[in-house]
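The values are calculated or read from the model by the stated rules, or taken from the named source; none is laboratory data. All of these numbers come straight from a predicted model, not from anything done at the bench. Cβ placement follows ideal geometry from the backbone for every residue including glycine, while neighbour counts extend to all protein chains displayed. Quick note on the areas: whole protein, heavy atoms, side chains included, nothing else; ligands and nucleic acids left out. Shrake-Rupley method; radii C 1.70, N 1.55, O 1.52, S 1.80 Å.
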Amino acid sequence: MSKPVLAIDMGGTKIKIGLVQEETVLSYISIDAESEKGLAPKLPLIKRTIEIMLAQHNLTQSDISGLGIASPGIVDSVQKKILSIDKKFGDAPEINLEKWCLETFNLPFSIENDARSALIGEWKYGKADTYDNIVLMTLGTGIGSAVVMEGRLLRGKHFTAGILGGHSVINYLGNICNCGNKGCVETEASTWNLPVIATAERNFTGSKLSLPQVIDYELIFRLAEEGDSVAEAIRDRSLQAWSACAINLIHAYDPEVLVLTGGIMASNFYILPFIRQYVENHAWTPWGKVQIEEGNFPRTAALLGIAHLINH
C-alpha cells in the first residue's frame, strides 16, 4: 500500500485538510476559508493544522508521499501554479506554492483544479468508476465542472477545457459575472451571488429571507418547503439554471454519466429528480439517456482526487 498523502481542498467557504491513503480519507479538518482575505494569511494555519493531524496519527513527514492542493480557478498542473482565480484567494497566483510546500514540509507537490480533482475522486473510487466518458458538475459556493472523455481527463492547451461550465451563458441579458461575462450560470444561481439574487426579488421585504442572516441554499430550500414564495421562486429558478448548465455540458462533451456533487447537493431530494426530468425532456441525445447520479463523496471527492494524482 502506498504512503498516505496530505490533501488540501481550497473551497470558497471552507478549506479542507485531509490525510488520504488510497481510496480512504483517514481524517480531515475544515477551517474557515475567509477567501476574500487571500491565501497567504491562511498558510500558517494550514501548516499548524497539518502538524496536528500528523501528530494525531503518529506520523512524521517522512511517512507521507506528498502534498496536493485542489484549487478553484485555472490551474497549470505542469508548472504547478494557479494562473487565474475568480475573486476567491485573489493573491494565490502570486504565491509559489511548490516552494512553500518544499520549505515547509520537504514533500513532493501537486496542484489541480478542484472540480477536476473531484472528478478524479469519483472516477477512480466512486460513482463513475465504470465509465470512460464523464461530466462532473459541482454545486457549491460557485458552479464547477470537469470532464473525462474517452478515458482521458480534459485539461486543454491553456488548462481551461471542461472546467468553465459555471461560466457558460444561460441569460445573455443577465447581470455581469465575476468573470466579466454576462448571465453566467453562477450569476443566475450560485451561493456567492444569492444575496444579490434574493434582494432583487420584488417581494423580498415580505420574505423571511429579509431577516438578518446568511442567505444560502440550505435556507432557500428550507423556507421554500415552508411556503415562502420568494424562496420558492429562487429555488425553482435555480433548479432551471442548473439544469440548463447540465444540458450545455451534455451537448458539449457527450458523456455517458453526469455526476452531481458539492455542498448544495444536501438538497438532493429536490435537485436530482428535477435535473433528471429536465435533461430527459430537453437534451438532444438521440442515442438514449445520460445517467445522472449523485457523487459518492460530496465532501471528500477532491481530497481523494488530488491524492490520487500524487501517487500515480
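Quick notes
- Residues being surrounded by fewer than 19 Cβ atoms within 10 Å (Cβ to Cβ), touching a residue at least 24 places away in the same chain (Cβ under 8 Å), touching a helix residue (DSSP H, G or I) at 6+ places or on another chain (Cβ under 6 Å) and among the aromatic types (F, W, Y) are entirely absent from region 87-94.
- Condition check for I82 on (1) over 30 Å from L272 (Cα atoms); (2) among the aliphatic types (A, V, I, L, M); (3) over 16 Å from the mean Cα position of the chain (by Cα); (4) buried (at least 23 other Cβ atoms within 10 Å of the Cβ): one failure, at (3).
- Restricting the first member to region 11-27 and to residues that are touching a residue at least 12 places away in the same chain (Cβ under 8 Å) and farther than 16 Å from A307 by Cα, and the second to residues that are open to solvent by 30 Å² or more (accessible area, probe 1.4 Å) and hydrophobic (A, V, I, L, M, F, W, C), the beta-carbon pairs closer than 9 Å and six or more apart or on different chains are G12/W192.
- Every residue from region 201-217 that is part of a helix (DSSP H, G or I) and open to solvent by 80 Å² or more (accessible area, probe 1.4 Å): T205, K208
A quick yes/no check of all residues on (1) out of contact with any helix residue (DSSP H, G or I) (no Cβ under 7 Å at 6 or more places or on another chain); (2) within 18 Å of G305 (Cβ to Cβ):
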residue: F159; (1), (2): yes, yes
residue: L164; (1), (2): yes, no
residue: H167; (1), (2): no, no
residue: I176; (1), (2): yes, no
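- Within region 291-312, the set of residues being open to solvent by 30 Å² or more (accessible area, probe 1.4 Å) and in contact with a strand residue (DSSP E or B) (Cβ under 8 Å, 6 or more places away or on another chain) comprises Q291, E293, E294, F297, P298, R299, L309, I310, N311.
- Restricting region 162-183 to residues that are closer than 21 Å to V135 by Cα and free of Cβ contacts under 8 Å to residues at least 40 places away in the same chain leaves a set whose member that is least open to solvent (accessible area, probe 1.4 Å) is H167.
- Subset of region 270-290 (residues that are in a loop (DSSP other than H, G, I, E, B), of a type outside the set (K, R) and open to solvent by 70 Å² or more (accessible area, probe 1.4 Å)): W284, P286, W287
- Listed here are the strands (runs of 3 or more DSSP E) enclosed by region 53-152 that have at least 1 residues being of a type in the set (F, W, Y): 109-113.
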